[in-house]
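Everything on this sheet refers to the single structure shown next.
The values are calculated or read from the model by the stated rules, or taken from the named source; none is laboratory data. As the structure is a computational prediction, the values presented were derived from the model and not from experiment. Cβ: placed from backbone, ideal geometry, glycine included. Neighbour counts: every protein chain shown. What goes into the accessible areas is simple: the full protein's heavy atoms, side chains included, and nothing from ligands, DNA or RNA. Shrake-Rupley method; radii C 1.70, N 1.55, O 1.52, S 1.80 Å.
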Amino acid sequence: REHPMFHLTPVLVKWSKSEKFNKICTLAAIMVLISACAELSASTPYGKFGNPGTGILTIAISPKIGWFLMELPCSVMFIYQFYIVGGPQSKKGVPRFLAFLFCCHYLYRGWIFPYNLNVHQNAKNFDLGIAFGSWSVTILHAYLNGRWYAEHGTHLTEPVLDKHADTKTYWYTTIRFHLGLMMYYTGLISIVYHDTLMRNLRPCANGKRYCIPHGGLFEYVTMGAYLSELWCWLGFAIASWGPNGLFIFLVSLVNLMPRSAASHNWYLEKFPEYEGLGRDRLIPGVW
(Lines give C-alpha, C1' and ligand atoms only; values in the text may rest on other atoms or scores of the structure.)
Protein backbone atom coordinates (compact mmCIF):
# COMPACT_ATOMS: atom_id res chain seq x y z
CA ARG A 1 0.00 0.00 0.00
CA GLU A 2 1.20 3.49 -0.81
CA HIS A 3 2.16 5.80 2.04
CA PRO A 4 -0.37 8.66 2.59
CA MET A 5 2.40 11.20 1.92
CA PHE A 6 2.74 9.78 -1.59
CA HIS A 7 -0.78 11.00 -2.42
CA LEU A 8 0.23 14.52 -1.32
CA THR A 9 3.26 14.57 -3.61
CA PRO A 10 2.65 17.04 -6.46
CA VAL A 11 3.35 16.02 -10.04
CA LEU A 12 6.07 18.46 -11.09
CA VAL A 13 7.79 16.19 -13.60
CA LYS A 14 5.84 14.47 -16.38
CA TRP A 15 7.60 11.67 -18.24
CA SER A 16 4.72 9.33 -18.93
CA LYS A 17 0.95 8.90 -18.82
CA SER A 18 1.24 7.27 -15.39
CA GLU A 19 0.60 9.62 -12.46
CA LYS A 20 2.41 7.24 -10.11
CA PHE A 21 5.54 7.14 -12.27
CA ASN A 22 5.46 10.94 -12.65
CA LYS A 23 5.30 11.32 -8.87
CA ILE A 24 8.30 9.03 -8.50
CA CYS A 25 10.14 11.22 -11.04
CA THR A 26 9.20 14.28 -8.96
CA LEU A 27 10.61 12.59 -5.85
CA ALA A 28 13.77 11.83 -7.83
CA ALA A 29 14.15 15.52 -8.74
CA ILE A 30 13.74 16.46 -5.08
CA MET A 31 16.32 13.82 -4.13
CA VAL A 32 18.86 15.44 -6.48
CA LEU A 33 18.39 18.77 -4.66
CA ILE A 34 18.69 17.09 -1.25
CA SER A 35 21.86 15.27 -2.34
CA ALA A 36 23.38 18.52 -3.59
CA CYS A 37 22.70 20.31 -0.30
CA ALA A 38 24.03 17.39 1.75
CA GLU A 39 27.32 17.07 -0.17
CA LEU A 40 27.89 20.83 -0.24
CA SER A 41 27.49 21.01 3.52
CA ALA A 42 29.90 18.13 4.28
CA SER A 43 31.66 15.37 2.38
CA THR A 44 29.91 12.00 2.75
CA PRO A 45 31.81 10.01 5.42
CA TYR A 46 33.48 7.16 3.57
CA GLY A 47 36.98 6.64 2.20
CA LYS A 48 39.40 9.38 3.13
CA PHE A 49 36.53 11.36 4.64
CA GLY A 50 35.32 8.48 6.78
CA ASN A 51 35.37 9.38 10.44
CA PRO A 52 33.51 7.25 13.01
CA GLY A 53 30.92 9.30 14.83
CA THR A 54 30.03 11.70 12.00
CA GLY A 55 27.38 9.67 10.14
CA ILE A 56 23.68 9.06 10.64
CA LEU A 57 24.04 5.94 12.78
CA THR A 58 27.65 6.66 13.81
CA ILE A 59 28.63 3.02 13.36
CA ALA A 60 31.87 2.50 11.45
CA ILE A 61 32.13 -0.63 9.30
CA SER A 62 34.52 -2.06 6.73
CA PRO A 63 34.35 -0.37 3.28
CA LYS A 64 33.83 -3.82 1.76
CA ILE A 65 30.62 -4.28 3.74
CA GLY A 66 29.62 -0.64 3.38
CA TRP A 67 29.85 -0.58 -0.42
CA PHE A 68 28.05 -3.92 -0.67
CA LEU A 69 25.16 -2.79 1.54
CA MET A 70 24.90 0.57 -0.20
CA GLU A 71 24.62 -0.91 -3.70
CA LEU A 72 22.63 -4.06 -2.87
CA PRO A 73 19.12 -2.52 -3.34
CA CYS A 74 20.01 -1.56 -6.91
CA SER A 75 20.38 -5.17 -8.00
CA VAL A 76 17.40 -6.45 -6.01
CA MET A 77 14.94 -3.68 -6.92
CA PHE A 78 15.82 -3.68 -10.61
CA ILE A 79 15.53 -7.46 -10.98
CA TYR A 80 12.17 -7.34 -9.19
CA GLN A 81 10.76 -4.45 -11.26
CA PHE A 82 11.97 -5.54 -14.69
CA TYR A 83 12.07 -9.33 -14.57
CA ILE A 84 9.37 -10.17 -12.00
CA VAL A 85 6.81 -7.34 -12.18
CA GLY A 86 7.71 -6.77 -15.82
CA GLY A 87 5.62 -4.89 -18.33
CA PRO A 88 4.64 -4.72 -22.00
CA GLN A 89 8.26 -4.08 -23.04
CA SER A 90 10.15 -6.42 -20.71
CA LYS A 91 10.52 -9.12 -23.39
CA LYS A 92 11.50 -6.82 -26.26
CA GLY A 93 15.00 -6.45 -27.66
CA VAL A 94 16.22 -2.98 -26.73
CA PRO A 95 14.76 -2.95 -23.18
CA ARG A 96 16.23 -6.40 -22.53
CA PHE A 97 19.62 -5.27 -23.83
CA LEU A 98 19.59 -2.16 -21.60
CA ALA A 99 18.43 -4.29 -18.67
CA PHE A 100 21.34 -6.66 -19.24
CA LEU A 101 23.68 -3.66 -19.36
CA PHE A 102 22.26 -2.40 -16.05
CA CYS A 103 22.67 -5.79 -14.37
CA CYS A 104 26.27 -6.11 -15.59
CA HIS A 105 27.07 -2.64 -14.25
CA TYR A 106 25.85 -3.50 -10.77
CA LEU A 107 27.40 -6.94 -10.86
CA TYR A 108 30.66 -4.98 -10.96
CA ARG A 109 29.81 -2.01 -8.74
CA GLY A 110 27.75 -3.85 -6.16
CA TRP A 111 29.55 -7.19 -5.94
CA ILE A 112 32.97 -7.34 -7.64
CA PHE A 113 34.17 -3.85 -6.66
CA PRO A 114 33.51 -4.22 -2.89
CA TYR A 115 35.06 -7.69 -2.85
CA ASN A 116 38.26 -6.42 -4.50
CA LEU A 117 38.75 -3.37 -2.28
CA ASN A 118 42.23 -3.20 -0.79
CA VAL A 119 41.53 -1.90 2.72
CA HIS A 120 44.41 -0.49 4.75
CA GLN A 121 44.97 -2.70 7.82
CA ASN A 122 41.28 -3.69 7.86
CA ALA A 123 40.29 -0.09 8.57
CA LYS A 124 36.64 0.68 9.34
CA ASN A 125 35.94 4.07 7.79
CA PHE A 126 32.54 3.60 6.17
CA ASP A 127 29.56 4.84 8.18
CA LEU A 128 26.69 2.35 8.37
CA GLY A 129 24.27 5.26 8.27
CA ILE A 130 25.57 6.20 4.84
CA ALA A 131 25.08 2.66 3.55
CA PHE A 132 21.45 2.61 4.66
CA GLY A 133 20.82 6.31 3.98
CA SER A 134 21.90 5.88 0.36
CA TRP A 135 19.14 3.34 -0.20
CA SER A 136 16.76 6.21 -0.99
CA VAL A 137 18.93 6.95 -4.04
CA THR A 138 19.77 3.40 -5.08
CA ILE A 139 16.17 2.21 -4.80
CA LEU A 140 14.91 5.18 -6.81
CA HIS A 141 17.59 4.57 -9.41
CA ALA A 142 16.69 0.91 -9.81
CA TYR A 143 12.93 1.55 -9.81
CA LEU A 144 13.14 4.24 -12.49
CA ASN A 145 15.24 1.99 -14.72
CA GLY A 146 13.08 -1.06 -14.20
CA ARG A 147 9.81 0.72 -14.97
CA TRP A 148 11.25 2.84 -17.81
CA TYR A 149 12.53 -0.20 -19.66
CA ALA A 150 9.57 -2.45 -18.91
CA GLU A 151 6.73 -0.01 -19.41
CA HIS A 152 7.13 3.75 -19.84
CA GLY A 153 10.06 4.20 -22.24
CA THR A 154 7.94 3.47 -25.30
CA HIS A 155 10.39 5.18 -27.66
CA LEU A 156 12.75 2.24 -27.04
CA THR A 157 10.46 -0.12 -28.94
CA GLU A 158 7.98 1.92 -31.01
CA PRO A 159 9.03 3.17 -34.47
CA VAL A 160 9.00 6.88 -35.22
CA LEU A 161 7.90 8.14 -38.64
CA ASP A 162 10.52 10.22 -40.45
CA LYS A 163 8.40 12.79 -42.28
CA HIS A 164 11.20 13.74 -44.67
CA ALA A 165 12.11 10.23 -45.81
CA ASP A 166 8.63 8.74 -45.26
CA THR A 167 10.20 5.83 -43.37
CA LYS A 168 10.03 4.52 -39.82
CA THR A 169 13.04 4.85 -37.55
CA TYR A 170 13.75 2.69 -34.51
CA TRP A 171 15.60 3.93 -31.43
CA TYR A 172 18.43 1.41 -31.80
CA THR A 173 19.31 2.94 -35.20
CA THR A 174 19.61 6.53 -33.94
CA ILE A 175 22.83 8.46 -33.43
CA ARG A 176 21.87 9.19 -29.82
CA PHE A 177 21.61 5.51 -28.97
CA HIS A 178 24.99 4.63 -30.52
CA LEU A 179 26.70 7.72 -29.10
CA GLY A 180 25.32 6.96 -25.65
CA LEU A 181 26.50 3.36 -25.78
CA MET A 182 29.97 4.41 -26.95
CA MET A 183 30.24 6.87 -24.06
CA TYR A 184 28.88 4.35 -21.58
CA TYR A 185 31.24 1.52 -22.53
CA THR A 186 34.35 3.73 -22.68
CA GLY A 187 33.32 5.20 -19.32
CA LEU A 188 32.83 1.78 -17.76
CA ILE A 189 36.21 0.57 -19.02
CA SER A 190 37.77 3.73 -17.61
CA ILE A 191 36.01 3.18 -14.26
CA VAL A 192 37.38 -0.34 -13.93
CA TYR A 193 40.87 0.80 -15.00
CA HIS A 194 41.04 3.68 -12.51
CA ASP A 195 39.56 1.56 -9.73
CA THR A 196 42.40 -0.87 -10.39
CA LEU A 197 44.99 1.91 -10.22
CA MET A 198 43.61 3.04 -6.87
CA ARG A 199 43.45 -0.51 -5.51
CA ASN A 200 47.06 -1.22 -6.52
CA LEU A 201 48.37 1.82 -4.64
CA ARG A 202 48.48 -0.24 -1.48
CA PRO A 203 50.66 -1.00 0.30
CA CYS A 204 51.96 2.58 0.22
CA ALA A 205 55.60 3.38 0.88
CA ASN A 206 56.74 3.52 4.51
CA GLY A 207 53.49 1.93 5.67
CA LYS A 208 51.48 5.07 5.00
CA ARG A 209 47.73 4.79 4.65
CA TYR A 210 47.42 7.03 1.58
CA CYS A 211 49.62 7.84 -1.39
CA ILE A 212 49.26 9.82 -4.62
CA PRO A 213 47.71 7.93 -7.56
CA HIS A 214 49.41 8.01 -10.97
CA GLY A 215 48.48 6.85 -14.45
CA GLY A 216 45.51 7.37 -16.74
CA LEU A 217 43.39 10.42 -16.01
CA PHE A 218 45.11 10.81 -12.65
CA GLU A 219 47.96 12.52 -14.50
CA TYR A 220 45.57 15.37 -15.36
CA VAL A 221 42.95 15.50 -12.62
CA THR A 222 42.73 14.58 -8.96
CA MET A 223 39.56 12.54 -9.36
CA GLY A 224 40.06 10.53 -12.54
CA ALA A 225 37.69 7.80 -11.34
CA TYR A 226 34.92 10.36 -10.78
CA LEU A 227 35.38 11.81 -14.26
CA SER A 228 35.10 8.30 -15.69
CA GLU A 229 31.89 7.68 -13.75
CA LEU A 230 30.26 10.92 -14.89
CA TRP A 231 31.20 10.21 -18.51
CA CYS A 232 29.75 6.71 -18.15
CA TRP A 233 26.44 7.91 -16.67
CA LEU A 234 26.10 10.69 -19.23
CA GLY A 235 26.36 8.10 -21.98
CA PHE A 236 23.87 5.92 -20.12
CA ALA A 237 21.43 8.85 -19.95
CA ILE A 238 21.75 9.54 -23.68
CA ALA A 239 21.31 5.87 -24.64
CA SER A 240 18.16 5.38 -22.55
CA TRP A 241 16.83 8.95 -23.03
CA GLY A 242 14.60 9.08 -19.98
CA PRO A 243 14.32 10.10 -16.32
CA ASN A 244 16.20 6.95 -15.28
CA GLY A 245 19.46 8.05 -16.87
CA LEU A 246 18.99 11.73 -16.13
CA PHE A 247 18.47 11.00 -12.42
CA ILE A 248 21.61 8.93 -11.92
CA PHE A 249 23.73 11.38 -13.92
CA LEU A 250 22.49 14.43 -11.99
CA VAL A 251 22.67 12.80 -8.56
CA SER A 252 26.21 11.64 -9.37
CA LEU A 253 27.14 15.12 -10.60
CA VAL A 254 25.92 16.95 -7.49
CA ASN A 255 27.71 14.43 -5.28
CA LEU A 256 30.98 14.04 -7.14
CA MET A 257 31.69 17.67 -8.02
CA PRO A 258 31.82 18.93 -4.39
CA ARG A 259 33.64 15.76 -3.37
CA SER A 260 36.20 16.35 -6.12
CA ALA A 261 36.92 19.83 -4.80
CA ALA A 262 37.20 18.52 -1.23
CA SER A 263 39.46 15.66 -2.34
CA HIS A 264 41.72 18.05 -4.30
CA ASN A 265 42.13 20.23 -1.21
CA TRP A 266 42.77 17.14 0.90
CA TYR A 267 45.66 16.05 -1.35
CA LEU A 268 47.10 19.56 -1.28
CA GLU A 269 47.06 19.50 2.53
CA LYS A 270 48.43 15.97 2.96
CA PHE A 271 51.13 16.02 0.28
CA PRO A 272 53.34 19.15 -0.04
CA GLU A 273 54.52 18.03 -3.49
CA TYR A 274 51.00 17.67 -4.87
CA GLU A 275 50.61 21.25 -6.10
CA GLY A 276 53.63 20.83 -8.33
CA LEU A 277 51.85 18.08 -10.28
CA GLY A 278 49.57 20.70 -11.83
CA ARG A 279 46.41 18.60 -11.71
CA ASP A 280 42.92 20.01 -12.02
CA ARG A 281 40.08 18.85 -9.77
CA LEU A 282 37.80 16.95 -12.15
CA ILE A 283 37.89 18.20 -15.77
CA PRO A 284 41.30 18.54 -17.48
CA GLY A 285 42.13 22.13 -18.38
CA VAL A 286 38.78 23.42 -17.11
CA TRP A 287 38.32 22.80 -13.38
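Note on the stretch 247-287: residues that are among the β-branched types (Val, Ile, Thr), in a helix (DSSP H, G or I) and open to solvent by 30 Å² or more (accessible area, probe 1.4 Å) total 1.
Tallying residues that are outside any helix (DSSP H, G or I) and either modelled with pLDDT under 75 or buried (at least 17 other Cβ atoms within 10 Å of the Cβ) (or both) within the stretch 24-58 yields 13.
Residues that are touching a helix residue (DSSP H, G or I) at 6+ places or on another chain (Cβ under 8 Å) and among the polar types (S, T, N, Q) within the stretch 180-208 comprise THR186, SER190, listed in sequence order. Screening the stretch 91-210 for helices (runs of 4 or more DSSP H) wholly inside it with 3 or more residues that are open to solvent by 30 Å² or more (accessible area, probe 1.4 Å) and of a type in the set (Val, Ile, Thr) returns the ranges 175-199.
Residue by residue through the stretch 70-89, note down the ones that are over 20 Å from ARG199 (Cα atoms) and buried (at least 19 other Cβ atoms within 10 Å of the Cβ).
Selection gives PRO73, CYS74, SER75, MET77, PHE78, GLN81, PHE82, GLN89.
Looking at the stretch 102-125 only, could you name the residues that are of a type in the set (Lys, Arg) and more than 16 Å from MET198 (Cα to Cα)? Listed by number, the list holds a single entry, LYS124.
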